[in-house]
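A quick write-up on the structure given underneath.
The values are calculated or read from the model by the stated rules, or taken from the named source; none is laboratory data. Please read all numbers here as calculations on a predicted model, not as lab measurements. Reconstructed Cβ throughout: ideal geometry from the backbone, glycine too, with neighbour counts over all protein chains shown. Note: areas computed on protein heavy atoms with side chains; ligands, DNA, RNA excluded. Shrake-Rupley method; radii C 1.70, N 1.55, O 1.52, S 1.80 Å.
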Amino acid sequence: MKKSTIYIAAMAFTSALTLNSCIKEIDPQTSYITADQAKDAPGSFDNFTSSITSSLNGSFTYSGSSEYPWDFGYPSFYLQRDVMGQDIVIQDSGSEWYSTWYQSGTSLGPTYAVCQLPWTYYYGWIKNCNNVIALAGDNPSASQRSGLGIALAMRAMFYMDLARMFAPQTYTANQDAPTVPIVKEDTKESSNPRATNRDMWAFILSDLNRAEEMLASYSRSNVYTPDVSVVKGLKARAYLTMGNWAEAERYAREAQVGYVPMTKEQYLSKTEGFNTPNGSWMFGLTFRSSDPNITNNDADSSWGSQMIIEVSASGCGYASNYIGPKFIDAHLFNTIPATDFRRMCFIDPAVDGVLGSADPETPAGQKAIADALAEYTDDPMGVYNTCYNVSATGEAAYTELKFRPKDGVHDNQYTAFTVAVPMMRVEEMMLIEAEAAGMQNEARGIQLLTAFAKTRDENFIYGRHNEAYYNNATSAFQNEVWWQRRVELWGEGFATFDIKRLEKGIIRSYEGTNHVDNYQWNVEKVPDWMNLCIIQTETNNNPACTNNPTPVAPKGNSTPFVW
């Protein structure tokens, strides 16, 4: 019998984990490890449970080597998805590691290597969940209930991501549209069709319902393991995608209990900004000093290498020393009012007027640079060097400073890059609640959205951000919510999901754009490249599995859009 690459990838993924050596070799035709296979491994259930979250980052799971600096786990998919749209701008596409996704052409097709990336990672993670679910069985012991709940919650999260990445139409547009094959703890047949939206989301909710029951009394020690609040947050995401506004509002509101939104000081902290859990973080992961992505290749194959620029003194880091930083889309930045503190996560282009005329070799020039960047960083000369000597743009305008080095360390990447990364924050739940409420009663939604926005901009005025997008089938209210999501969750992996959910196009070409020449595209509907292709070896070996069309990127710049 031919073997689906889902099973092959998952088998390789499990073998890479640090588990007890007593566990026997896994039959690749099964999607789980049986009780008999694990019974002689002391603590195997706990080991398998721990592997679900510990494998989210840190290892070269796709390639097995440090050759590919996007091979660092779950947060890499944030960037893959976000650069497909308009809100993150990369460096000259010929040198940037995420150029394949930014260019969004045939290189994302089923015969190309990166097409295997989500298949290897996600089905490997799902296999880890299936191992725990199989070991727990239908009647888990008291000591197994929390582990089973964690596995169910995480499996639901992984399938939720896969469904949104691969479905060519959303649940609300077509419940019969295909997503991906479902591999459960007892799946054995390799001829496995893509589940429809209807079946996939029912399966996801079934897992989440049972996870909520299993985790009802579970108390976690940190945010790196999901608890019942995370389950409710996942339900809120699911119901938002499904357009079930009442349930989305309910679960988003319940998920917020015990959390508070980040303050201005936390958001803009130069030592802990988006690198350390705080009262708003509901779920996250962390890079450890012993992770291969930190110990190997000078830590250059890590999230920090891509998103933390204040380490130029270390001599390492793709963003700080080799390629240059990522940027916020110029138009999006320019729509953020000066009174909104989130604007300070990105360098204002007005600062270039000072920096461009400063001589970094003189004390006076160094003081001018330090003064100009004082509000942005406590590493002004390092940021100057990255922006003016490393970056292909040769300027600081729109440079991202949202994600900070651990403890404000600028000269040691092995410390600076061992950061935590958020996977769910209470702010997301507040925005889901506002949108879901407003889709039932707009006045109530506006009230909730305004209350949220005023935590970021005390001078917020509703109605300022209903822009003229290509698809204005969404209401002015929903456009306002989307703008808040784009700014609040920038770089956290939601851009593609929102574009598909709201059936928006993308706008990269406009007067004053900072997108890369020849990739300044305007696409009036959801672009095909946001419907990921399934790797060809899967469709070859899984006869029931269909595929999405290979994307074809636009050629040349589009006529500038007039806002």
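Over the range 471-563, with the other protein chains present, what is the accessible area per residue in square angstrom, probe 1.4 angstrom?
38 Å²
Can you tell me, using C-alpha contacts under 8 Å and at least 6 residues apart, the relative contact order of the range 331-372 as a whole percent?
25 percent
According to a simple spin-label model (label point 7 Å from Cα along Cα-to-Cβ), what is the distance in nm between THR450 and ALA544?
Calculated label separation equals 5.3 nm.
How high is the relative contact order of the chain, in percent, with contacts defined as C-alpha pairs under 8 Å that are six or more residues apart?
Computed over the chain, the figure is 20 percent.
Kindly express, to the nearest 10 degrees and within the range 0 to 90, the angle between helix 145-166's C-alpha long axis and the longest C-alpha principal axis of the chain.
60 degrees
Taking all protein chains together and a probe of 1.4 Å, list SER95, SER558, SER143 from the most accessible to the least accessible.
SER143, SER95, SER558
What do you get for Rg/Rh over the range 487-563 if you use C-alpha atoms and the Kirkwood form of Rh?
1.07
Which residue, ALA451, GLY73, THR196, has the largest displacement toward the positive end of the dipole of the chain when charges sit on each Cβ (Lys, Arg +1; Asp, Glu -1)?
About the Cα centre, the residue reaching furthest to the positive side is THR196.
State the answer as a single residue: which of GLN536, VAL132, VAL552 lies farthest towards the positive end of the charge dipole of the chain, with beta carbon charges of +1 for Lys and Arg and -1 for Asp and Glu, about the Cα centre.
Working it through, the farthest residue towards the positive pole turns out to be VAL132.
Simple spin-label model, 7 Å along Cα-to-Cβ: TRP563 to SER206 in nm?
Going by the 7 Å Cα→Cβ label model, 4.7 nm.
Taking the Cα centre of the range 302-408 as the origin, how large is its charge dipole in debye, to the nearest 20, when only Lys and Arg (+1) and Asp and Glu (-1) carry charge on their Cβ atoms?
That gives a dipole near 300 debye.
About the Cα centre, and with charges only on the beta carbon of Lys, Arg (+1) and Asp, Glu (-1), how big is the dipole of the chain? Nearest 20 debye, please.
Rounded to the nearest 20 debye, it is 1340 debye.
Using Cα atoms only, what is the angle between the long axis of helix 476-488 and the major principal axis of the chain, expressed in degrees (0 to 90) to the nearest 10?
90 degrees
What length, rounded to one decimal in nm, is gained on full extension from ASN459 through to SER219, with 0.36 nm per residue of separation minus their alpha-carbon distance?
82.5 nm
Compute the helix-to-body angle for 197-214: its Cα long axis versus the longest principal axis of the chain, expressed 0 to 90° and rounded to tens.
So the helix axis and the longest Cα principal axis differ by about 80 degrees.
Only four residue types carry charge here, +1 at the Cβ of Lys and Arg and -1 at the Cβ of Asp and Glu. Report the dipole size of the range 411-545 about the Cα centre in Debye, rounded to the nearest 20.
Magnitude of the dipole: close to 200 debye.
In what sequence, largest accessible area first, do LYS235, LYS264, LYS367 appear using a 1.4 Å probe?
Ranking LYS235, LYS264, LYS367 by accessible area, largest first, yields LYS367, LYS264, LYS235.
Please list THR537, THR450 from largest to smallest accessible area, probe radius 1.4 Å, with all protein chains kept in place.
Greatest to least solvent exposure: THR537, THR450.
Run the helix sum for the chain: -39,500 (n - 2.57) per DSSP H stretch of 4+ residues, divided by residue count, reported at 222 nm to the nearest 500 deg cm²/dmol.
Result for the chain, helices only: -11500 deg cm²/dmol.
Given LEU401, ALA313, THR377, which one lies farthest toward the positive end of the charge dipole of the range 279-407, if we put +1 on the Cβ of every Lys and Arg and -1 on the Cβ of every Asp and Glu?
LEU401
How large is the accessible surface per residue of the range 169-282, computed with a 1.4 Å probe and reported in Å² as a whole number?
40 Å²
Please pull out the direction-averaged projected area of the chain, using the convex hull of its alpha-carbon atoms, in nm² to one decimal place.
About 23.9 nm², averaged over all directions.
Grab the beta carbon distance between GLU247 and ASP359, set R0 = 60 Å, and tell me the FRET efficiency rounded to 0.05.
After rounding to 0.05, the efficiency reads 0.50.
Kindly report, to the nearest 10 Å², the accessible surface of ASP498 as traced by a 1.4 Å probe over protein heavy atoms only.
Per-residue accessible area (ASP498): approximately 10 Å².
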